[in-house]
Amino acid sequence: MIKITLPDGNVKELESGSTPMDVALSISAGLARNVISAKFNDTVVETATPLHEDGTLTLYTWNEAEGKKAFWHSTSHIVAQALEELYPGIKLTIGPAIENGFYYDVDFGEHTLSEKDFAAIEKKALEIARGKHDFKMRSVSKADALNYYKEEGNEFKIELIENLEDGSITFCDHDTFTDLCRGGHIPNTGIVKAIKILNVAGAYWRGDENKPQLTRVYGISFPKQKELTEYLAMIEEAKKRDHRKLGKELELFTFSQKVGQGLPLWLPKGAALRERLEQFLKKAQKKAGYEMVVTPHIGQKELYVTSGHYAKYGEDSFQPIHTPKEDEEFLLKPMNCPHHCEIYKNKPFSYRELPKRYAEFGTVYRYEQSGELHGLTRVRGFTQDDAHIFCTPEQLDEEFKNVIDLSLYVLGSLGFENFTAQVSVRDLNTPEKYIGSVKNWKKAENAIINAAKEKGLNYIIEEGEAAFYGPKLDFMVKDALGRQWQLGTIQVDYNLPERFDLTYKGSDNEFHRPVMIHRAPFGSMERFIALLLEHTGGNFPLWLIPEQAIVLPVSEKHEKYAEKVLNSLENNEIRALIDDRNETVGKKIREAEMNKLPFMLIVGENEELSNTISVRKHGGEDLGSISLESFADLVSKEINSTLKSF
């Protein structure tokens, strides 16, 4: 008999050789019908894998991320079989699950693939799925695995196998199809009811541009056709909300090939939006005791060697700038934290003067590969709302909780209410990825977990997601379309104070090492604005939008009254403008709607005589004729309902 411990602490006692599906059946038939994947002692297993020892078992359904991962990876096998049957002689490489769906990289040889072929691939894949073929794992010797793919002439699979240890190689079979695979599948193909090929793209083998170019086939699948229909509708809505499209339409930002890829240019309206976001955070930071600093856009290479950034990120940074002076090298700033360490080091501190909280909207530069650049979400030059807190170890818990409060204020004021806090810790199996002592890492990780608990955050722990110098708390936010993004981060760092030899004098008159907290509620201004654009569809919160209202005179003779209205609005700190073009009011309204202006204030003879304005909201709601005082109250109430107090 073996003892199987479930996530809720319950223990099931079953015969050795029982499977995860047997465990599910012992709980309920309903659960067994829905279980599609499992993890035993932190290792992904099949639902049919025999278990021969005591351990901890987690069962996954479609509703969990791990269940979706198994579902989509299994579908990549089904699609790969369909591709082989439709395009004989192709060479398969790898087909993993990704955040939404899966892809398979394929060498199509003489065959070509385009969007017109998608329907045939989907039809063939669904035919295979309806066969309800079991996914079966089997161990294969290295020699047999190599021979199998040598017969196929698949040099890609051979390369993969040559890098594997004998005894660790497994194949997955279903129907007539076999693939090199580590595992992690649903019980059978019949669970897949809907498949969609989304697009194809070029991809270099192993991500190396010196290696063969393959065709990457992207797809997604669902256990119900209805869910695929809903997903495709969401994709269409996402296209409408694409920040690159909206940014152009709303005249917020642009890019120039002459300036360079990944280097955004902010237009007047976008610059005003950024400025308002900065002022919003600066005001909150001032209340929280932060001091603003400014650091240069470059630094000597030695600065980043000391911090460890050069060793970890040197290859992803712009190459060193060589000056006329021999052996003098500078780097475009990839991070603000080393500069802030040097600011702290400018003068000695006593424990009585801590914490010191330095904040900066600092622009940094990283050489992202051109193929990875994407609008404002992946750029080469971006501004971080960075701050670094230097505190005593005793102050760490309180300071960390205060930063959580600030982050929640920022997210709440901008309409991001649906989020999970992710505690990102080390991967204990790869200690070489991190700097600093194990003791300090444990202290930092415990501090973050305790703060998350005390603040009542809905949090998860993710191994291997920590920064190289310390663990962090990331806010994983769901947008209006249900997509998850990482917005805002807080990190605890015992290592940079060590590397920069930062100290303070304690109450014992001895020198001690401060703890450093890195935090950025927005993350980067560019990425945050991109996600805010897509989340709101360009309908920003009223307090943030550059132009809150537009005055539309019915004819030329009402322009004088329109000017009076504008002055009144400005006196009430309402941002507005006048559209006095020689166009019809209907056309002006349509253009104001396209520009997503929250309020359209129409003024004609009746409004002038009664000293009122006719108010139309974005989206078509008619609020009728009201006084300017009533309109100012309306705007004030709407702003106060969204802008949280801090």
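Restricting attention to the range 543-578, the residues that are over 24 Å from L252 (Cβ atoms) and assigned to a loop (DSSP other than H, G, I, E, B) total 3.
Based on what the data block shows, is D22 more than 17 Å from D134 (Cβ to Cβ), among the acidic types (D, E) and free of Cβ contacts under 8 Å to residues at least 12 places away in the same chain?
Values: more than 17 Å from D134 (Cβ to Cβ): no; among the acidic types (D, E): yes; free of Cβ contacts under 8 Å to residues at least 12 places away in the same chain: yes.
Answer is no for this residue.
A single entry from N606, N595 fulfils the requirement of being at pLDDT below 95 and over 20 Å from S630 (Cβ atoms): N595.
Among residues of the range 36-45 being free of Cβ contacts under 8 Å to residues at least 40 places away in the same chain and either of a type outside the set (D, E) or in a helix (DSSP H, G or I) (or both), the one that is surrounded by the fewest Cβ atoms within 10 Å (Cβ to Cβ) is T43. Of all residue pairs spaced 6 or more apart or on separate chains, those with beta-carbon atoms under 7 Å, a first member in the range 123-144 that is within 21 Å of V45 (Cβ to Cβ) and hydroxyl-bearing (S, T, Y) and a second member that is at pLDDT 95 or above and not in a loop (DSSP other than H, G, I, E, B) are S139/T170.
Of the helices (runs of 4 or more DSSP H) contained entirely in the range 579-646, those carrying at least 1 residues that are farther than 18 Å from V554 by Cβ fall at 585-594, 628-642.
Hey, among P471, P541, which residue is touching a residue at least 12 places away in the same chain (Cβ under 8 Å) and buried (at least 20 other Cβ atoms within 10 Å of the Cβ)?
Checking each option against the conditions leaves just P471.
Quick check on the range 479-491. Is at least one of its residues touching a Gly at 6+ places or on another chain (Cβ under 8 Å), in contact (Cβ under 8 Å) with a residue 12 or more places away in the chain and among the aromatic types (F, W, Y)? No: zero hits.
Identification of strands (runs of 3 or more DSSP E) wholly contained in the range 331-446 with 3 or more residues that are touching an Asp or Glu at 6+ places or on another chain (Cβ under 9 Å) and of a type in the set (A, V, I, L, M) yields 419-425. Taking the listed residues F280, F318, the one that is more than 22 Å from the chain's Cα centre (by Cα) and assigned to a loop (DSSP other than H, G, I, E, B) is F318, with no other qualifying.
Contact map, the range 311-333: residues that are surrounded by fewer than 15 Cβ atoms within 10 Å (Cβ to Cβ) paired with residues that are part of a helix (DSSP H, G or I) and at pLDDT below 85, Cβ distance under 9 Å, separation 6+ or inter-chain. No pairs are found. Among residues of the range 547-575 being under 40 Å from the mean Cα position of the chain (by Cα) and surrounded by 20 or more Cβ atoms within 10 Å (Cβ to Cβ), the one that is farthest from P334 (Cα to Cα) is V551. Screening K286 against (1) outside the structural domain of L481 (by TED's automatic domain parsing); (2) exposed (fewer than 13 other Cβ atoms within 10 Å of the Cβ); (3) charged (D, E, K, R) leaves a single unmet condition, (1).
The values are calculated or read from the model by the stated rules, or taken from the named source; none is laboratory data. Note that this is a predicted model, so its numbers are computed, not measured. No Cβ is skipped: glycine too gets one built from the backbone with ideal geometry, and neighbour counts run over all protein chains shown.
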